[in-house]
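Read the structure below first, then the notes.
The values are calculated or read from the model by the stated rules, or taken from the named source; none is laboratory data. This structure is a prediction, so every number in the text was calculated from the model and none was measured. As a convention, Cβ positions derive from the backbone with ideal geometry for all residues, glycine included, and neighbour counts pool all protein chains shown. SASA here: full protein model, heavy atoms, side chains in, ligands and nucleic acids out. Shrake-Rupley method; radii C 1.70, N 1.55, O 1.52, S 1.80 Å.
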Protein chains: 2
Amino acid sequence: MVKKTMVDALLKNTAAAVEEKFCEVLPETNEGYSSVVEAMRYSFLGGGKRIRPALLLEFCKLFGGSEEEALPFAVALEMIHTYSLIHDDLPCMDNDDMRRGRPSCHKQFSEDIALLAGDALLTHAFTVSASSIADNDRKIKAIGVLSRNAGYSGMIGGQVIDLAIENTPCETETVREMYLLKTGELLSAACEIGAIIGGADDEKIKMARQYAFKVGLAFQIIDDILDNIGDEKLLGKPIGSDAKNNKTTFVSKYGIEECRSIAAKLSAEAKEILVELSGDNASLIAITDYLLNRKY
Amino acid sequence: MVKKTMVDALLKNTAAAVEEKFCEVLPETNEGYSSVVEAMRYSFLGGGKRIRPALLLEFCKLFGGSEEEALPFAVALEMIHTYSLIHDDLPCMDNDDMRRGRPSCHKQFSEDIALLAGDALLTHAFTVSASSIADNDRKIKAIGVLSRNAGYSGMIGGQVIDLAIENTPCETETVREMYLLKTGELLSAACEIGAIIGGADDEKIKMARQYAFKVGLAFQIIDDILDNIGDEKLLGKPIGSDAKNNKTTFVSKYGIEECRSIAAKLSAEAKEILVELSGDNASLIAITDYLLNRKY
């Protein structure tokens, strides 16, 4: 319980820092393009647990980097996460009218503005990354990771597989690959970039990536479980959507209990990597537990 | 005539180099996400004059940089141009079924894949930029320009204004701002990035930007003229779309003859900047003339 409170406080502080920085790099405007800026701000500032920024900042600290150097990347990564949600909600994708208890971006504004707001968040992420005061060699390496993990062979690749397997039964291995790409790659961007900006060597960066994939897979499996037996009020959305859409998931393959056990094993392995990395890893261990035990 | 042949040859060589590099950085694949890669390749390799890459490479050469350093940025910039066309063609934007005489991306594939192919081209542009062998300080500066000029206060800002003024009469100043953002900013990215990678100082980079804005404005005015009196066969699309959509353009404000004179003046001013920059500017002067006199 103490640990949970610690993570709650950490996420709250992270959210405050990330949102303050975001408002600094994307202030309100009355230029001719103000509508797209308003839509970008609406979606970015509409909540979210800020897990990715928290992981990025904690991995940076673990290797001795400063929050000032890492914060622009934390904001950039969350902007990319936000753009992916805006585009995912569009009618030609998941066609979701609601997001985090509010109208989704295209419902609040319009489809064209939502499309452009997503494009603009993705684009601005790189302006913000390039503006960090961190060393340029590290920044180039981090920008490479950010774009690669978010790109066609990363997060977007996962979305493509997700679209392809909807309403089509598939192998567990395909679901696993989709989870690792769709969720794992962006979580890995958080951990890798944090490590890079903090000054970790390639071996340590690789371990940060291994940690992220274990946490990412567990994260998706917990999502599957919550979509079956979660609390709709806590989740802020109706449960049962996977079954309704005939989606093959880990739960449809293994059942709830086996899934709990797989997620717990992955989480334990992830924590072993943190122990191996040593240093001040208490916050990261607490976040790992928090993600396993989350109810929403 | 000699000059036109020279520019034709230069653009042909640029296209070959850019397309070869693109195929190197985005080879065909049979991974689960192959459909999005196919869509990215379909749109990128579907023609285009490759004006932006040519300007980027020539500006780089003007300041003594190598093609090897600049080529990844030339490809990245063209990927961003391509993504903007894919998203512009989507039903929620211009809803265009054809592009360069072929089905547009969402017609050839599907809306969801076209959306993701655009996202993936934009994202991959930064992976490719970060992979250049150029100096990291210059690369960070160039990535900042690329994302800023393509972003909400650049190209995307122009698209937002374009959407806002459709079917709504507006001031010439608004049309001018829209042209400068929608077309000028990406042409300016070409010239500025070429200058940066070539090693130009800030004063020269600023002049490259001034050149680009003059050429960009002239480029859009020529587009307006061609939409009124162009050859549909050469253009590969029907003329008269601006009038049909009740768009305020430079032609609707000033008429054809006055527009020709404005574009010629801008082009002459652009060439004066090239003369002031000195160096081996013959190709750039020839490109500037070519853009003024183009028929498609």
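Values as computed for the structure displayed
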quantity: Residue within segment A:44-60 that is open to solvent by 20 Å² or more (accessible area, probe 1.4 Å), assigned to a helix (DSSP H, G or I) and within 14 Å of chain B (Cβ to nearest Cβ) present; calculated: no
quantity: Residue in segment B:170-186 that is farther than 22 Å from B:A243 by Cα, out of contact with any Pro (no Cβ under 8 Å at 6 or more places or on another chain) and touching a residue at least 40 places away in the same chain (Cβ under 8 Å) present; calculated: yes
quantity: Segment B:136-155, residues that are among the β-branched types (V, I, T) and either touching a residue at least 12 places away in the same chain (Cβ under 8 Å) or more than 8 Å from every other protein chain (Cβ to nearest Cβ) (or both); calculated: B:I143, B:V145
quantity: Looking only at segment A:156-202, and only at residues there that are of a type in the set (D, E, K, R), within 12 Å of another protein chain (Cβ to nearest Cβ) and open to solvent by 20 Å² or more (accessible area, probe 1.4 Å), the one that is farthest from the chain's Cα centre (by Cα); calculated: A:E171
quantity: Where B:M93 falls short, out of the listed (1) of a type in the set (A, V, I, L, M, F, W, C); (2) in a helix (DSSP H, G or I); (3) within 13 Å of another protein chain (Cβ to nearest Cβ); calculated: (2)
quantity: Selected residue [surrounded by fewer than 22 Cβ atoms within 10 Å (Cβ to Cβ), free of Cβ contacts under 8 Å to residues at least 12 places away in the same chain and farther than 20 Å from A:G157 by Cα] from B:S66, B:S34; calculated: B:S66
quantity: Every pair of residues 6+ apart whose Cβ atoms lie under 8 Å, when the first sits in segment B:279-296 and is under 19 Å from B:I225 (Cα atoms) and of a type outside the set (G, A, S) while the second is assigned to a loop (DSSP other than H, G, I, E, B) and open to solvent by 60 Å² or more (accessible area, probe 1.4 Å); calculated: B:K295/B:D231; B:Y296/B:D231
quantity: Segment B:109-133, subset open to solvent by less than 10 Å² (accessible area, probe 1.4 Å) and more than 7 Å from chain A (Cβ to nearest Cβ), residue farthest from B:A200 (Cα to Cα); calculated: B:A114
quantity: Residue satisfying all of: in segment A:1-28; of a type in the set (S, T, N, Q) and open to solvent by 50 Å² or more (accessible area, probe 1.4 Å); farthest from B:G157 (Cα to Cα) among these; calculated: A:T5
quantity: Qualifying residue in segment B:203-210 (condition: assigned to a helix (DSSP H, G or I), in contact with a helix residue (DSSP H, G or I) (Cβ under 7 Å, 6 or more places away or on another chain), at pLDDT below 95 and open to solvent by 20 Å² or more (accessible area, probe 1.4 Å)); calculated: no
